[in-house]
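In what follows, a single structure is set out as structure tokens and then discussed.
The values are calculated or read from the model by the stated rules, or taken from the named source; none is laboratory data. Predicted model only: the values in this text are computed from it and were never measured. Neighbour counts are summed over all protein chains in view; Cβ atoms, including those assigned to glycine, are modelled from backbone coordinates with ideal geometry. Please note that ligands, DNA and RNA were not included when accessible areas were found on the heavy atoms of the full protein model with its side chains. Shrake-Rupley method; radii C 1.70, N 1.55, O 1.52, S 1.80 Å.
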Amino acid sequence: MIIHGGAPLRGSVELSGSKNATLPIMMASALTDEPVTIRNVPRLRDVNTAIELLGGLGVAARWLGEHELELNAHTLSGHEAPYDLVKTMRASFVVLGPLLARAGRARVSTPGGCAIGARPVGLHIAGVRALGARVQLRHGYVEAHAARLAGARIWLDNPSVGATENILMAATLARGRTVIENAAREPEVADLARMLAAMGARISGAGTHVIEIEGVERLHGADHTVIPDRIEAGSLMTAAAATGGEIVISGAPVNDLEAVIVKLREAGVEIETVAGGLRIARPGRLRPIELRTLPYPGFPTDLQAQMMAMLTLADGASVITETIFENRFMHAQELMRMGADIVMKGATAVVRGPSRLSGAPVMATDLRASMGLIVAGLAAENTTSVSRVYHLDRGYEALDRKLAALGASIERAADE
Ligand code: UD1
């Protein structure tokens, strides 16, 4: 992605559907032999990977429109999620719960390491074991069997999003009642629960830290519209603030963005709700802040890189602490190549501003780090080229087109 920085973003932009909500919702289609329709599906590489994964299991996918996807697991025949797919997209692991519940067995590759940290799956495994599955780890695969799962009380050591989703889906078809305590409260978990409820599941408490599921005999087809992407919204907000622009994000999920709004306001960004969305402006200088990533409703780790990029421009020292992933400061090295002053010690980074960012060739290491570099590039002098754009295409729909429509000078190099 080649960016000529310096142009303040102006205009209005529409959000796509949430990637992190869409992926588990797609996996939920395997729980029923009736077709499901999912609307507001973002066109992303990760969605294609999920289609490929489900295809390998015998689930048919058909686009009904640009963002409407029909999935039909009537012909579910496989029970394996291969290493090749799981290693490119860790969210594939949440197919474990649906497969186990519907087919009685699943063989799912463990995801392995990741650029941002270890990404263990111990809580997912402990969860399905508690529901009565026999689980073995063999040849890098989790092999699980259960004639029928049985409801249980499960306390999560850590409110893992993926583990909560896996257990939630598995429990929908279990015999009896399941209670997940210390569950993840992310809006994407609540959206998955709404999809499952539309399919006939009996769930209460999704979006809080205790979720109760009363297992049913079978689930049926459903029609569900995915929530807007709060991480895309937050990314665009930091980009508008970093460039000193003014944008309106239509369809922004204001409630899901509370922590982000509070922190951006603290940094001097003007945010107000307008009909159908949010208006973001940065009329004056940015102020330094302290920031800690936390499980929802805390500040999301998926926006930490973008905030760091923005805070390089603030008048003073900001302190960022990353509490979710142990290795999620890879973008800091690249930001420093653009002139940022960042000192890291363990999970904390001190960002001293204001830096005069200058364009440079930089390399993306993961999805959100890439977006951080785009934010920096938009605010920097001269030309920034961000390579390994495939990371961005995993999770941002038409990002270059959306930013160009807001007045950014951004284009995709031919070889990307
Ligand atoms: C999801 C999101 C990802 C986001 C992350 C944290 C999707 C597709 N991805 O990832 O974008 O960055 O939530 O908000 O929704 N953990 C364990 N044991 C486990 C599972 C997790 O210790 O069995 C730990 C992880 O190491 C990490 C923390 O729990 O420190 C949070 O991870 P988790 O919530 O599971 O993230 P994902 O679901 O993988």
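Which distance in nm do the two modelled labels at Arg218 and Asp315 give, with both placed 7 Å along the Cα-to-Cβ direction?
Placing both labels 7 Å along Cα→Cβ, they lie 6.7 nm apart.
Can you give the accessible area of Glu270 in Å² (nearest 10), computed on protein heavy atoms with a 1.4 Å probe?
90 Å²
Leaving ligands, DNA and RNA out of it, report the carbon-plus-sulfur percent of the accessible area of region 1-80 at a 1.4 Å probe.
With neighbouring chains kept in place, the figure for region 1-80 is 43 percent.
Positive end of the dipole of region 19-225, charges at C-beta (+1 Lys, Arg; -1 Asp, Glu), about the Cα centre: which of Tyr83, Thr178, Gly122 has its Cα farthest in that direction?
Of the candidates, Gly122 comes out farthest on the positive side.
Convert each backbone phi in region 284-291 into a coupling constant with the Karplus relation 6.51 cos²θ - 1.76 cosθ + 1.60 (shift: θ = phi - 60°), then list the ³J(HN,Hα) values in order as whole Hz, x for Gly and Pro.
x, 7, 8, 9, x, 9, 9, 9
From the phi angles alone, apply the Karplus equation (6.51, -1.76, 1.60; θ = phi - 60°) to region 315-322 and give each ³J(HN,Hα) in whole Hz, x where the residue is Gly or Pro.
With coefficients 6.51, -1.76 and 1.60, one gets 7, x, 9, 9, 10, 10, 10, 9 Hz.
Place a point 7 Å from Cα of Arg175 in the direction of its Cβ. Which residues in region 185-223 have their backbone N less than 13 Å from it?
215-217
Using helices alone, I'd like the mean residue ellipticity at 222 nm for the chain: each DSSP H run of four-plus residues gives -39500 (n - 2.57), total over residue count, nearest 500. Walk me through the numbers on the way to the answer.
Details: 14 runs with 131 residues, N = 416.
Value at 222 nm, helices only, nearest 500: -9000 deg cm²/dmol.
State the Cα centre-to-centre distance between region 334-397 and region 145-220 in whole Å.
37 Å
Give the residues of region 210-231 whose amide nitrogen is closer than 18 Å to a point set 7 Å from the Cα of Arg153 in the direction of its Cβ.
Under 18 Å, as judged by backbone N against the label point of Arg153, lie 210-215 of region 210-231.
How would Ser385, Ser318 rank on accessible area, largest to smallest, probe 1.4 Å?
From most accessible down to least: Ser385, Ser318.
If I stretch the segment between His74 and Arg285 completely, what's the gain in nm (0.36 nm per residue apart, minus their alpha carbon distance), one decimal? Don't skip to the end; give the middle numbers.
On the way: separation 211, 0.36 × 211 = 75.96 nm, distance 5.71 nm.
Full extension of this stretch gives 70.3 nm more.
What is the percent of Cα-Cα separations in region 19-225 that go past 30 Å?
Numbers: 2231 of 21321 pairs.
In whole percent, the share of Cα-Cα pairs in region 19-225 beyond 30 Å is 10.
Would you calculate the convex hull of the Cα atoms in region 61-134 and tell me its volume per residue in Å³? Walk me through the numbers before you get to the answer.
Working: hull volume 9.0 nm³, N = 74.
Enclosed volume per residue, from the Cα hull, is 121 Å³.
Using Cα pairs under 8 angstrom and six or more residues apart, how large is the relative contact order of the chain, in percent? Before the final figure, lay out the partial values.
Values: 1043 pairs, mean separation 82.5, N = 416.
The value is 20 percent.
With every protein chain kept in place and ligands, DNA and RNA left out, what is the accessible area per residue of region 19-225? Probe 1.4 Å, answer in Å². Could the numbers behind the result be given before it?
Values: 7960 Å² over 207 residues.
About 38 Å² of surface per residue is accessible.
Quick check: pseudo-label points 7 Å beyond the Cα along Cα→Cβ at Thr273 and Thr323, how many nm apart are they?
Taking the simple label geometry, Thr273 and Thr323 are separated by 2.7 nm.
Determine the dipole magnitude for the chain: charges of +1 sit on the beta-carbon of Lys and Arg, -1 on that of Asp and Glu, nothing else is charged, the reference point is the Cα centre, and the result goes in debye to the nearest 20. The partial results should precede the final answer.
Values: 42 positive and 44 negative charges, 158 e Å.
So the dipole magnitude of the chain works out to roughly 760 debye.
Show me 194-207, 26-39 ranked by packing, highest mean number of other Cβ atoms within 10 Å first.
Working: 194-207: 19.3, 26-39: 23.4.
With the highest mean Cβ count within 10 Å placed first, the list reads 26-39, 194-207.
Tell me, what is the FRET efficiency for Ser387 and Lys87 to the nearest 0.05, using R0 = 30 angstrom and their Cβ-Cβ distance as r? Display every interim value, and only then the final one.
Details: r = 21 Å, r/R0 = 0.70.
Computed FRET efficiency for Ser387 and Lys87 comes out at 0.90.
Assuming 0.692 mPa s and 37 °C, estimate D for the chain with Stokes-Einstein, Rh taken as the Kirkwood radius over Cα pairs, in µm²/s. Intermediate results must be reported in sequence, preceding the final value.
Numbers: Rh = 21.7 Å.
Calculated translational D: 151 µm²/s.
Rounded to whole Hz and in sequence order, give me ³J(HN,Hα) for region 35-44 from the Karplus expression 6.51 cos²θ - 1.76 cosθ + 1.60, θ = phi - 60°, writing x for Gly and Pro.
For region 35-44, the Karplus-derived couplings read x, 10, 10, 10, 10, 6, 7, x, 8, 9 Hz, x marking Gly and Pro.
By a straight-distance test (C-alpha under 23 Å), which lysines pair with Lys345 as possible cross-link partners, with residues fewer than eight away in the same chain excluded?
Lys263
Given a 1.4 Å probe and heavy atoms of the protein chains only, how would you sort Ser77, Ser358, largest accessible area at the top?
Numbers: Ser77 95, Ser358 50 Å².
From most exposed to least exposed: Ser77, Ser358.
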